[in-house]
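A short worksheet on the structure shown next.
The values are calculated or read from the model by the stated rules, or taken from the named source; none is laboratory data. All figures in this text were calculated on a predicted structure; none of them were measured in a lab. Ideal geometry is used to build each Cβ from the backbone, glycine not excepted, and the neighbour counts take in all protein chains shown.
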Amino acid sequence: MNYRTLRHFRALFFPVRCPVCRKIIGADDRFCNECYDKLTPCKENVRIKGASGFYALFEYTPEIRPAVSLMKDGICGNAPYAFGSCLADLLVSQKADRKFSCIIPVPMHRRDMKKRGYNQSAFIAEHIGRILDKKVLKNTVIKNRLTVPQKKLNRKERMKNLENAFTVIDTAEIHGKSVLLVDDICTTGSTLAEVANLLTANGAKEIYCAVCCYTTNKKRDDFYESH
């Protein structure tokens with residue numbers, strides 16, 4: 001049974017819902033039309049240290065926040081499919097899908113994984129990989145140390161907080177390859193930069209980053225106040 005058929009079969013028993021408003025939508029749908037029309041595409045030119053390119057779907061606004069919160073609250077629902085499918089479309093439209101051969105989701109620490117039950121970035125990466133026919137390396141990089149949430153720290157503290165927090169387990173998987181690094185949301189870019197530089201140091205050829213949402217400079221203060 002292919003993936004599309006499986007989604008339609010599951011929808012007979014578990015209706016697909018818009019990850020923003022929770023309204024029932026079609027089995028192939030990502031968001032309902034009303035919610036999607038309210039989302040703000042990210043058009044900022046963002047540079048991540050150590051990465052050759054950066055792609056973001058939406059600005060992190062109150063309109064998209066429920067979908068991101070859904071994943072972080074351990075519910076998940078249709079959000080990874082919606083984000084992953086939209087990101088795949090974005091990468092194809094930018095011809096970025098030709099630039100990488102494998103995908104790595106930003107890993108979570110095992111304690112956080114146990115608490116939430118899954119890594120939402122891995123789910124999103126799996127949908128991108130399925131659509132673009134790219135291998136997803138979910139266990140190549142691990143987070144070996146718990147860290148303080150980045151949003152609570154200044155620039156110097158963020159760098160110190162992430163120091164030696166990640167480890168590449170299998171260097172052969174990435175040696176000489178161009179990698180797409182996937183995360184759900186980017187606020188400062190510190191985590192992406194840390195993992196990107198780690199991958200390069202362990203033999204990766206080039207790193208590209210893709211996120212569902214980006215917190216723009218003008219909205220960053222609001223983000224900190226609401227989290």
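Brief remarks follow.
- Glu59 vs. criteria more than 21 Å from Val136 (Cα to Cα) and within 18 Å of the chain's Cα centre (by Cα): yes
- Test result for Ser121, at pLDDT 95 or above, on the phi < 0 side of the Ramachandran plot and buried (at least 18 other Cβ atoms within 10 Å of the Cβ): yes
- Unmet requirement for Val92, which otherwise passes all of (1) part of a helix (DSSP H, G or I); (2) buried (at least 19 other Cβ atoms within 10 Å of the Cβ): (2)
- So Gly74, is it exposed (fewer than 14 other Cβ atoms within 10 Å of the Cβ) and touching a helix residue (DSSP H, G or I) at 6+ places or on another chain (Cβ under 9 Å): yes
- Residues in segment 23-35 that are surrounded by fewer than 16 Cβ atoms within 10 Å (Cβ to Cβ) and either within 21 Å of the chain's Cα centre (by Cα) or not in a loop (DSSP other than H, G, I, E, B) (or both): Ile24, Asp28, Asn33, Glu34.
- Remark: Asn2 falls outside the filter, which requires a residue to be under 19 Å from the mean Cα position of the chain (by Cα) and more than 17 Å from Asp89 (Cβ to Cβ).
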